[in-house]
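Values in this text are rule-based calculations from the coordinates and carry no lab data. As the structure is a prediction and not an experimental result, all values here were calculated from the model. Note that each Cβ is placed from the backbone with ideal geometry, even for glycine, and that neighbours are counted across all protein chains shown.
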């Protein structure tokens, strides 16, 4: 066994021992603190409440832009206050709301810093014409799934957090640290008036030891073929967004010229995208391979193993709609780049410029996110989550993982919080891929387990 410099343990022959320990922890846990309480909980009623809550939550159109989350914030605030939980609310801009509620420690001086259950209320746009008979903001229940924009990303996880949080309150669980539930705006645009605003301006009101956010999940397809793997995300790739601009000579489409900016841009993009970008897996992924062996081949595992570039837009033409017989003088493209932890962003951008092979193009940096920070997974909360997962899914292998997309976790990691991402449901590849798609949904059959995993992990780490 070796421990790389980023604190991620490389598993070598330990997985069977770890799983046995998790099962033993689960047995002890089930015979002590949790059993007395869970026998009193009507989990069917909790699940029914969760399904109803999520369906209503999805019906608030919080699309960004504009990202107006006032209605959904009012909805959550009403639920929390109805339970006797005071809500602290911030409105840093028009339509932007961040709020949190706190279940306080049973002791005047908590033994540990809080656990923060974090989710975002804003969602990406949905093209209703591509959803068939489903209203993307209808919160529809059909074929065993809850459908709608935000079901996966991330009102679903937020609802599971909420129900675990409310169950703690209803059971009067004695805590040795505060547990905080927070909902924020603006995650889909990097959080300027959401998590980033809270960290920059109100961090002292939170100051968590742990953050639970979106990221990992369970699947029998995504990580390894025919093997149930639950991932708990401990890091994410760094975001770099680039705009590439070509200028040339406009003219009549009947008379091609050598300075057509469209031709120039397309050729440069072809050179860049055709050449594999040099990339080496992060220690997190190396540890993942050590545990699971060869990973399944799909777009998700490709993304976590490599620095990636995606051509996301091409814009050109004169007029609206563009005139077919007019050569424009300007053509532009955007590229979404995601860097493996440890990659130097400045050096990467220079390599992109070289890969385009045209010094006359303009490369504008639209965004460079913070460097990726890796959260160690040898912690009480990680172990509690893993233990609860195995307790409810005895055949599961639990792994620390990198995720290819950005979340609010990284801004907390830069302040020293130990941040983990998890939606503790078993999902098919098609459901995982439904995030940001025109078929976003989560399975009702996994809702109860997800709530219980969060609830039991919270008791194990925050209970007295």
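Multiplying the residue separation of residue 207 and residue 104 by 0.36 nm and subtracting their alpha-carbon distance yields 35.7 nm. Rounded to the nearest 10 degrees, the angle from helix 70-82 to the longest Cα principal axis of the chain is 0 degrees.
Based on the Cβ-Cβ distance from residue 143 to residue 271, what FRET efficiency comes out when R0 is 41 Å, to the nearest 0.05?
Numbers: r = 45 Å, r/R0 = 1.11.
Between residue 143 and residue 271 the formula returns 0.35.
Modelled spin labels at residue 362 and residue 258, positioned 7 Å past Cα toward Cβ, are 2.4 nm from each other. If you take the Cα centroid of region 232-290 and the Cα centroid of region 442-456, the two points sit 40 Å apart.
Let me know the shape class of region 200-241, please: from the alpha-carbon gyration tensor, a ≥ b ≥ c as square roots of the eigenvalues, rounded when a/c is under 1.5, otherwise prolate if a/b is greater than b/c, or oblate. Oblate is the answer for region 200-241, as a/c is 1.5 or above yet b/c matches or exceeds a/b. Normalising the average separation of contacting C-alpha pairs (under 8 angstrom, six or more residues apart) by the number of residues puts the relative contact order of region 380-449 at 21 percent.
Among (1) 30, 27, 22; (2) 35, 29, 20; (3) 41, 26, 21, which one is semi-axes √(5λ) of the Cα gyration tensor in Å computed from these coordinates? Correct label is (3). Helix 15-31: angle to the longest alpha-carbon principal axis of the chain, degrees 0 to 90, nearest 10? Around 40 degrees separate the two axes.
Principal-axis analysis of the Cα atoms of the chain puts helix 261-274 at an angle of about 50° to the longest axis. The ranking of 210, 405, 382 from fewest to most other beta carbons within 10 Å of each one's beta carbon is 405, 382, 210.
So for 245, 338, fewest C-beta neighbours within 10 Å to most, what's the order? It would help to have the intermediate numbers written out before the result.
Working: 245 15, 338 24.
With the fewest neighbours first, 245, 338 line up as 245, 338.
In region 238-368, Rg over Rh equals 1.09, where Rg is the alpha-carbon radius of gyration and Rh the Kirkwood radius from pairwise Cα distances. When only alpha carbons of region 107-158 are considered, Rg and Dmax amount to 17.0, 55 Å.
Taking other C-beta atoms within 10 angstrom as a stand-in for reagent exposure, 181, 99 fall in the order 99, 181, fewest first.
The length gained on full extension between residue 336 and residue 112, counted as 0.36 nm times the residue separation minus their Cα-Cα distance, comes to 76.7 nm. In region 207-268, the ratio of gyration radius to Kirkwood radius, Rg to Rh, stands at 1.39 when only Cα atoms are counted.
Would you mind getting me the FRET efficiency between residue 351 and residue 124? Use the beta-carbon distance for r and R0 = 22 Å, nearest 0.05.
On the way: r = 29 Å, r/R0 = 1.33.
Once the sixth-power term is evaluated, E becomes 0.15.
The value of relative contact order for region 238-368, using C-alpha pairs under 8 Å at least six residues apart, is 48 percent. If you take the beta carbon distance between residue 464 and residue 370 as r and set R0 to 45 Å, what does 1/(1 + (r/R0)^6) give as a FRET efficiency, to the nearest 0.05? Efficiency, from the Cβ-Cβ distance: 0.80.
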